[in-house]
Every structure is written in C-alpha cells, then in structure tokens.
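Worksheet: one structure, shown below.
The values are calculated or read from the model by the stated rules, or taken from the named source; none is laboratory data. Note that the structure is predicted; figures quoted are calculated from it, not measured. FYI the Cβ positions are ideal-geometry reconstructions off the backbone, even for glycines, and counts take in every protein chain you see. Quick note on the areas: whole protein, heavy atoms, side chains included, nothing else; ligands and nucleic acids left out. Shrake-Rupley method; radii C 1.70, N 1.55, O 1.52, S 1.80 Å.
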Amino acid sequence: MIYLTRKAEFAASHYYHNPAFTPEENQRVFGKCANMNGHGHNYVLEVTVKGEVNDRTGFVVDLKELKDIMNREVVDAMDHRHLNKEVPEFAKAIPTTENIAIVAWKRLAPHMKVAKLHRVRVYENADLFADYYGEE
Amino acid sequence: MKVHLTRRYHFAASHRLHLTDCSDDENRAIYGKCNNPHGHGHNYSVEVTVSGPVDAATGMVCNLADLDGFSNKEIIERFDHTNLSMMPLFEGKVPTTERLCVEIYDIYNKGFKHAHLEKVRIEETAKNSFEYTG
Ligand SMILES: [Zn+2]
C-alpha cells in the first residue's frame, strides 16, 4: 500500500452565519467571521489517495487524472467564488474549514476508481487545517 | 462526521540540555552544542490536533476562539520568552523537545474539554519535529 498526496490551491470568500441564531448569537459564536460582507482566504487542498503500485506503470494513480478530478470537482467550483453563495452545499452548511474538507471529500470520492481516497486536508492558512478521512 | 482540526501556535524559548549527575565531558558527548552553559533558543511551533463531529449549527469541531483562548493562556503565556531549563515543570528533568511535547499534550489533555485531543506536534526547527499522541 502506498499513499500519494497532491496539492491544489484556490482563493475564495465566505462568512459564517446561522439564520437560526440571533444576531447576538452569530456574533458571539462566529466573531469576526460573522461579518456578512464576507472575507477571504487562500485555501490549500491536499488530497491523499492510497492503493497498490501498478506493476507496469509504477503509478498508484494517474496524476493527470487526479489533477483533472481535483480541478473539476473542487478547484473550479470554489476558486474565486463566494462559498456561501456559489457552492450549493454551503447554502445550508456553514463553510468552515471542517465543512469544506467534508464537501471536497464527497465531491471527490465517487470519481476515485483505481486508488481510494484516504484523506482530504484543507488549509485555511498556514496555522489552521482540517482533515477528513470519510466515515470511519 | 468526524473531522480532525489542527491549529498551529508559535512561541520562542531557550533551554540548555544538561544532566547534573554527569561530567562536563559526558554532557558534551550526549548533548553537543545543546549543552552550551549559557543556553540557546528556538522558535517553537506547536501543532495541536483535536477531533470530533462537526456541529450542525456551527459547522465546527470546536470553536477556534475556545482553542485559541486556552492555548494563549495555558501554552503561549506559560512558555513564550522563558527559559525552559528554569521552569519548575522541568525541575530535575532535561527540557528536550520530546519532554516539552509530552508536557504540552498533558496540559491540553487535562484542561481542554471542547474536543477530543488527538495529537501534539512540535517543531523545534524546520528540520526537527516531535509528535505525541498520548
Ligand atoms: Zn474565514
């Protein structure tokens, strides 16, 4: 078994707001992130797949194919977008780093054929990241 | 849906690696440059990883304000710009980064109740890092 990790970057804006909360609760729970004008980050997506090395190609996965899937399913959908307004999953779920990792996993997992998805890591910045390993 | 969340904190501190029951030569043999009697310092990075289900109302494993508040009070304020070798915590013990990692893990493990503690990882320099998972 070998693990392979590929990185991609995207920049996006978001805000944190739960319509079920009062304005005071939103402010208390989400702090600066509650500002409804939004703010942005340079996100880094790290996708780790696992599998056996193919005897003939020496690959665990075709990198070009993995890159295309990551671009199509996550980067194109989120890069230079407003996550709350332009990514359907975040119409209800709050676009925290945790939820972005889960959404990225759900978008990627159905397209993984040869290698299996092992981990999706999303960095909001160098000092904060979330890891999702699927339903363990 | 269980997610792991990792936050990185930074502090600067000095230490000297020295065993009082060993000769100067032995200490130099074991610890090399780190045995310099005047001590030396590092910019430490602490990575703390917590886990738990993502709260449906907040989208969070735990509120970063709670994690930051705890970390500032219990870790940064305690260790930043200190001499680790002089701290009661390391009385009679050599403050290697292995030990620092275990001590910091224990501080989170005892005091931080907002999410499950998975791991503490400390970078002493860009080349050295230490991990403790309990
Ligand atoms: Zn943000």
Whose amide H sits under 5 Å from the amide H of A:H118, counting only residues 5 or more places off or on another chain, with H placed in the peptide plane?
A:T48, A:V49, A:K50
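Let's test the formula: R0 of 30 Å, r as the Cβ-Cβ distance of A:A91 and A:T22. What FRET efficiency results, to the nearest 0.05?
Details: r = 21 Å, r/R0 = 0.69.
The formula returns an efficiency of 0.90 here.
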Accessible area of B:M86 in the full protein assembly, 1.4 Å probe (Å², nearest 10)
150
Packing-ranked peptide list from B:74-81, A:2-9, highest mean Cβ count within 10 angstrom first, is B:74-81, A:2-9
Averaged over the residues of B:53-66, the number of partner chain Cβ atoms within 10 Å of each residue's own Cβ comes to 6
Honestly the protein assembly as shown on the Cα gyration tensor test (a ≥ b ≥ c root eigenvalues; a/c under 1.5 rounded, otherwise a/b vs b/c for prolate or oblate) is just oblate
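Rounded to the nearest 500, what is the 222 nm mean residue ellipticity of chain A from helices alone, with -39500 (n - 2.57) per DSSP H run of 4+ residues and division by all residues? Please report the intermediate quantities before stating the final value.
Working: 4 runs with 32 residues, N = 136.
Value at 222 nm, helices only: -6500 deg cm²/dmol.
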Which ³J(HN,Hα) values in Hz, rounded to whole numbers, follow from the phi angles of segment A:40-56 under the Karplus curve 6.51 cos²θ - 1.76 cosθ + 1.60, where θ = phi - 60° and Gly and Pro get x?
x, 9, 9, 8, 10, 9, 10, 10, 10, 10, 9, x, 8, 6, 5, 4, 7
Starting at the first residue of segment A:85-95, write each ³J(HN,Hα) from the Karplus equation 6.51 cos²θ - 1.76 cosθ + 1.60 with θ = phi - 60°, in whole Hz, x for Gly and Pro.
9, 10, 10, x, 4, 9, 5, 10, 6, 6, x
If you average the C-alpha positions of segment A:18-43 and of segment B:15-45 separately, how far apart do those two centres end up, in angstrom?
48
Ranked from highest to lowest mean number of other Cβ atoms within 10 Å per residue, what is the order of the peptides A:17-23, B:65-71?
B:65-71, A:17-23
List the residues, sorted by chain then number, that are 5 or more residues from B:V3 or on another chain and whose placed amide H is less than 5 Å from its amide H.
B:G52, B:V54
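Taking a threshold of 32 Å on the Cα-Cα distance, which of the pairs B:K33/B:K119; A:K113/B:K2; A:K7/B:K110; A:K67/B:K113 fall above it?
A:K7/B:K110; A:K67/B:K113
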What ³J(HN,Hα) values, in whole Hz, does the Karplus curve 6.51 cos²θ - 1.76 cosθ + 1.60 give for segment B:46-56 when θ = phi - 60°, with x put for Gly and Pro?
10, 10, 10, 10, 10, 9, x, x, 7, 4, 5
If one computes the Cα centroid of segment B:58-89 and of segment B:93-134, what distance in Å separates the two points?
11
Cα centre as origin, Lys/Arg/Asp/Glu Cβ charges: the protein assembly as shown dipole, Debye:
540
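Calculated from DSSP H runs of 4 or more alone, at -39500 (n - 2.57) each and per residue, what is the 222 nm mean residue ellipticity of chain B, nearest 500?
Taken over chain B, the calculation gives -7000 deg cm²/dmol.
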Charges only on Cβ, +1 for Lys and Arg, -1 for Asp and Glu: so what's the dipole of chain B about the Cα centre, in debye to the nearest 20?
240
